[in-house]
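First the structure, in the form of structure tokens, and then the observations on it.
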Amino acid sequence: MNARIASDTLLSVDDLKVHFPRGSAGWGRAPSVVKAVDGVSFDIRRGSTLALVGESGSGKTTTALAVMRLLPVTSGRMQLGDTDLGALRGESLRRERARMQIIFQDPFSSLNPRERVGAAVRAPLDLMQVGTGAERSRRVSELFDAVGLRQEQQQLFPHQFSGGQRQRINIARALATNPELVVCDEPVSALDIAIRAQILNLLVRLQRELGLTYLFISHDMAVVEHICDDIAVMYLGQVVERAPRSVFFARPLHPYSVALMSAVPTVGGGRQRAAQRIKLTGDPPSPIDPPAGCRFAGRCPVAEPACAAELPPLREVMPGHWVRCRRVDQVDGVARPPLSLPSFS
């Protein structure tokens, strides 16, 4: 058996850092650096979905683009099966791109308005020189069927489709080369609520039928709960909590995770839930000059002076459940959060 297939882990990311220099800060002063991603680590099992969640500016999309080798990586290691992604250059990188594809957030701007959608779906096959011309045409037809589009629609232009249909076209294009890893960068956030469930159900079905592995980027916890197997919460360039879905949604441990969960709307929650929502004050620190201690301490409702003194490590407090918070305790072998979700009964 191929060693790549035998391994249960498809993607392994270890201590990934993506820093962007901002140029000179003035005469005699060192240039400032934006630490967009600052030491992120995670693994994704084959055929599963890991969701990266967090508010805007947390670094989740930058992490995904770095994994795709669409942004320069400052340091760290990214392993796709038995391939070191960070070591790839030129033609070797181009060949490996067939194994990893991305679905972008905006279905309106991610398609060429002057290109027929059938040609757009076929483009990866032409670029990678996959199969003969007839085989490529057959593959495009298969993909249109797989995502729920009619064959005659191949001849239409993007403006002739709705937003949900355009995202189906983007999904078909991402699947053209039979990738192992698909990065989904907020794939439903630009769609009407009524269409979101259709696209999410399509992604789940395709994963089940094709054995796909997803890295799913989102800020919407309700969407994430529907699709992910594991979840990693990011704040200011770092993972602050990582756990299996059922464990995380049953009991989030990090105060930031609890605040995110308190904002998830529920049926019948109404004004009572809105009143009990954990409202964070202030803005996140600057990624140019992050604090020495916990990066969430300045906004945390339960922070202590010691929290701002030293950056806590990401530690495993329960099997498979990791958290970066010094205030998470273990009582009788059970991890206890310092901040709990409000009761909405």
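The values are calculated or read from the model by the stated rules, or taken from the named source; none is laboratory data. The structure presented is a predicted model; accordingly, all values stated were derived computationally and were not measured. Every residue, glycine among them, receives a Cβ derived from its backbone with ideal geometry; neighbour counts consider all protein chains shown. Side chains are part of the model used for accessible areas, which takes the heavy atoms of the whole protein and leaves out ligands, DNA and RNA. Shrake-Rupley method; radii C 1.70, N 1.55, O 1.52, S 1.80 Å.
Do we find that residue 156 is buried (at least 18 other Cβ atoms within 10 Å of the Cβ) and touching a helix residue (DSSP H, G or I) at 6+ places or on another chain (Cβ under 9 Å) in this structure? Criteria not met by residue 156. Flag: residue 172 does not match the condition of being more than 22 Å from residue 51 (Cα to Cα), open to solvent by less than 30 Å² (accessible area, probe 1.4 Å), among the hydrophobic types (A, V, I, L, M, F, W, C) and not in a loop (DSSP other than H, G, I, E, B). I'm trying to understand the selection: among the residues of region 292-309, which are free of Cβ contacts under 8 Å to residues at least 60 places away in the same chain and under 12 Å from residue 235 (Cβ atoms)? Passing the criteria: 294, 297, 298, 299, 300. For the structure I just gave you, tell me whether residue 74 is in contact with a helix residue (DSSP H, G or I) (Cβ under 8 Å, 6 or more places away or on another chain) and either surrounded by 12 or more Cβ atoms within 10 Å (Cβ to Cβ) or more than 29 Å from residue 131 (Cβ to Cβ) (or both). No. Residue count for region 279-316 under the criterion of being closer than 19 Å to residue 35 by Cβ, touching a Pro at 6+ places or on another chain (Cβ under 9 Å) and of a type in the set (A, V, I, L, M): the result is 3. Of the residues making up region 71-102, those that are out of contact with any strand residue (DSSP E or B) (no Cβ under 6 Å at 6 or more places or on another chain), assigned to a loop (DSSP other than H, G, I, E, B), more than 18 Å from residue 8 (Cα to Cα) and not aliphatic (A, V, I, L, M) are 72, 89.
Pairing each residue of region 316-334 that is over 17 Å from residue 239 (Cα atoms) and in contact (Cβ under 8 Å) with a residue 12 or more places away in the chain with any residue that is hydrophobic (A, V, I, L, M, F, W, C) and open to solvent by 50 Å² or more (accessible area, probe 1.4 Å), provided the two are 6+ apart or on different chains, yields C-beta distances under 9 Å for 330/318; 334/318.
A quick yes/no check of all residues on (1) charged (D, E, K, R); (2) at pLDDT 95 or above; (3) under 16 Å from the mean Cα position of the chain (by Cα):
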residue: 186; (1), (2), (3): yes, no, yes
residue: 204; (1), (2), (3): no, yes, yes
residue: 220; (1), (2), (3): yes, no, yes
residue: 230; (1), (2), (3): yes, yes, yes
residue: 240; (1), (2), (3): no, yes, yes
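Taken across region 255-274, residues that are open to solvent by less than 10 Å² (accessible area, probe 1.4 Å), modelled with pLDDT under 90 and out of contact with any strand residue (DSSP E or B) (no Cβ under 9 Å at 6 or more places or on another chain) do occur, with at least one present. Within region 29-70, being in contact (Cβ under 8 Å) with a residue 60 or more places away in the chain and in a loop (DSSP other than H, G, I, E, B) holds for 32, 46, 47, 48, 54, 55, 56, 57, 58, 59, 68.
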